[in-house]
1. Here is a list: I291, I322, I327. Which entry is more than 20 Å from M119 (Cβ to Cβ), of a type in the set (A, V, I, L, M), part of a loop (DSSP other than H, G, I, E, B) and open to solvent by 20 Å² or more (accessible area, probe 1.4 Å)?
2. Which count do you get for residues in segment 261-287 that are part of a strand (DSSP E or B) and of a type outside the set (K, R)?
3. For residues that are open to solvent by 30 Å² or more (accessible area, probe 1.4 Å) and assigned to a strand (DSSP E or B), scanning just segment 191-210, find the one that is farthest from Y234 (Cα to Cα).
4. Of the residues that sit in segment 173-190 and are open to solvent by less than 20 Å² (accessible area, probe 1.4 Å) and out of contact with any Cys (no Cβ under 9 Å at 6 or more places or on another chain), which one is farthest from K238 (Cα to Cα)?
5. Just one of (1) among the small types (G, A, S); (2) in contact with a Gly (Cβ under 9 Å, 6 or more places away or on another chain); (3) open to solvent by 30 Å² or more (accessible area, probe 1.4 Å) trips up A161, so point out which.
6. Among the residues of segment 267-288 satisfying the criterion of being crowded, with 17+ Cβ neighbours inside 10 Å and polar (S, T, N, Q), which is nearest to the chain's Cα centre (by Cα)?
7. Within segment 67-97, can you find the residues that are out of contact with any Phe, Trp or Tyr (no Cβ under 8 Å at 6 or more places or on another chain), closer than 23 Å to A362 by Cα and among the hydrophobic types (A, V, I, L, M, F, W, C)?
8. Is it the case that segment 71-88 has a residue that's surrounded by fewer than 12 Cβ atoms within 10 Å (Cβ to Cβ) and either of a type in the set (K, R) or modelled with pLDDT of 95 or more (or both)?
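The values are calculated or read from the model by the stated rules, or taken from the named source; none is laboratory data. Keep in mind it's a predicted model, so treat the numbers as computed, not measured. Note that each Cβ is placed from the backbone with ideal geometry, even for glycine, and that neighbours are counted across all protein chains shown. With ligands, DNA and RNA removed, areas are computed over all heavy atoms of the protein, side chains included. Shrake-Rupley method; radii C 1.70, N 1.55, O 1.52, S 1.80 Å.
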Amino acid sequence: MGTDEKEAKITKIGSCQKSVKSNITKLTEELHKLRNVDAYDDPDQPLSSEAKNTTIQQAPCNIRQRRILRGHFGKIYAMYWANDGVGLVSASQDGKLIIWNAFTTNKIHAIPLRSSWVMTCAYSPSSKFVACGGLDNLCSIFAVPETGKETTKQKVYCELAQHEGYLSCCRFIDDQKIITSSGDSSCILWNVEQRSPECQFNDHTGDVMSVSIMKDSGLFVSGSCDSLAKLWDYRAKKACVMTFPGHESDINSVDFFPDGQAFATASDDSTCRLFDIRAYRQLQKYANEKILCGITSVAFSKSGRQLFAGYDDYNCYVWDTISGLNIQQLTGHENRVSCLGVQSNGQALCTGGWDTLLRIWAV
C-alpha cells in the first residue's frame with residue numbers, strides 16, 4: 001500500500017470519527033430535551049400535576065409505634081425482614097447480627113461477627129441464610145441456626161472476597177445468588193455455592209451505596225455517590241441498561257416500586273425522587289424546604305402509595321407517592337434513622353437507628 005493510500009485511509013477514518021462524535025453529541029442533546037432533566041427540580045412534577053387535575057384523594061396515614069426491639073449495644077446500621085413477615089435481621093457496630101421475632105420482640109439468634117464494622121445485612125428468600133458485610137470488604141454468609149441451637153461459635157457458611165472497597169449493600173436473588181455493592185464503585189453478582197463472582201458491573205464513578213433487585217424482570221438498580229442511579233440486567237451480565245440523573249449529591253438508598261416499573265432514590269441532597277423506567281425520567285420529587293438533612297434509607301409501602309424515608313434528623317417521614325406531600329412524621333428515635341424496611345405483607349414498618357433501637361410501626 002502506497003503512502004498516498006495510507007494518508008487517504010487515515011483521513012477517512014478521522015472524518016468518520018468526527019462524524020460519530022457529532023452524532024453522539026446530537027443524540028445526547030435530543031435525549032436531554034426529551035427527558036427534560038433541567039425540570040427535575042421544578043415545583044410541578046408530572047405526578048403532582050396529574051394529581052391536581054384529577055380527583056385522586058390523599059393517601060390516609062395513621063401509623064403508630066407498636067414494638068421496640070432492644071438488644072444491640074452499638075449503632076444499628078442495617079435491618080432486613082424475612083419473607084415470613086415475622087423474623088428480621090439487624091446489624092450493629094456492637095459486632096453482632098441479631099435475628100428477631102418482631103411480633104414477640106424476642107431475640108432468636110445472636111451471631112458474633114469477626115469485624116464489628118458492619119454496614120449491611122440481608123435475609124435470603126428462603127430465610128435459611130443471612131448475609132452481612134462492611135469495612136472488611138467481604139460478604140459473609142451464615143446459615144440460620146435451628147431454633148434453640150447454640151450460636152456462640154456460629155461458623156461462616158462462606159465468605160465472598162473480590163471487592164477492593166467496603167461492602168455497602170448486599171441483596172439475595174435466591175439462596176445461590178447474591179448481589180453486592182461496594183465503595184470500589186462496582187456491583188458483583190455472586191454464585192454462593194461456588195464462592196465466586198459471575199459478573200462484575202462497573203459503570204459508576206463513585207462509591208455504590210445501595211442496590212434493589214426486581215427478580216421477576218431480572219433487573220437491579222444501584223445508587224451511588226456519583227449522584228446517579230443505574231439500571232442493570234443481571235441475567236444478560238452486560239453494561240448498564242439505563243442511567244438516571246437528577247440528584248445533586250450522594251444517593252444513599254434505592255428501592256423498587258412494587259410493580260417493578262419504577263424505583264425511588266434517597267440522597268444527601270435532602271430529597272427522595274421517583275424514576276419511571278418506561279418513561280426513562282423522573283416523575284416525582286419528595287422534599288420540604290424545612291427538611292435540610294440527608295436521607296439514609298427509603299422503602300415503598302406494599303401498594304406503593306406511600307414512601308417511607310429515614311432521615312439524619314432522627315425522624316422517618318411518610319410521603320404520598322402521587323401528590324409528593326409529606327403525610328406523616330414518625331418520631332421516637334434519639335439519633336439518626338439509619339435503615340428501614342417494610343414487611344413482606346405490608347402490615348408493618350421497621351426503622352433502625354444509631355440509638356441502638358429497632359422500632360416497629362403499624363396502623
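1. Values: I291 fails: open to solvent by 20 Å² or more (accessible area, probe 1.4 Å); I327 fails: part of a loop (DSSP other than H, G, I, E, B).
Just a single option satisfies the conditions, and that option is I322.
2. Within segment 261-287, the first condition is being part of a strand (DSSP E or B), and the residues that meet it are 262-267, 272-276, 281-286.
Keeping just the survivors that are of a type outside the set (K, R) gives 262-267, 272, 274-276, 282-284, 286.
Total meeting the criteria: 14.
3. To start, the set of residues in segment 191-210 that are open to solvent by 30 Å² or more (accessible area, probe 1.4 Å) comprises 193-198, 200, 202-203, 205, 207, 209.
Right, trim to assigned to a strand (DSSP E or B) and you get 196-198, 200, 202, 209.
On the way: S196: 15, P197: 12, E198: 10, Q200: 10, N202: 12, M209: 18 Å.
Of everything passing the filter in segment 191-210, M209 is farthest from Y234 (Cα to Cα).
4. I173
5. The one condition A161 does not meet is (2).
6. Step one: filter segment 267-288 for residues crowded, with 17+ Cβ neighbours inside 10 Å, giving 267-277, 281-287.
Okay, now just the ones that are also polar (S, T, N, Q), so 267, 270-271, 282, 284.
Numbers: S267: 11, S270: 16, T271: 15, Q282: 17, Q284: 18 Å.
Step by step, filter segment 267-288, then rank; the result is S267.
7. The answer is I68, A78, M79.
8. Filtering segment 71-88 for residues surrounded by fewer than 12 Cβ atoms within 10 Å (Cβ to Cβ) gives 73.
Add one more test, that the residue is either of a type in the set (K, R) or modelled with pLDDT of 95 or more (or both), and what stays is 73.
Yes, some residue in segment 71-88 is surrounded by fewer than 12 Cβ atoms within 10 Å (Cβ to Cβ) and either of a type in the set (K, R) or modelled with pLDDT of 95 or more (or both).
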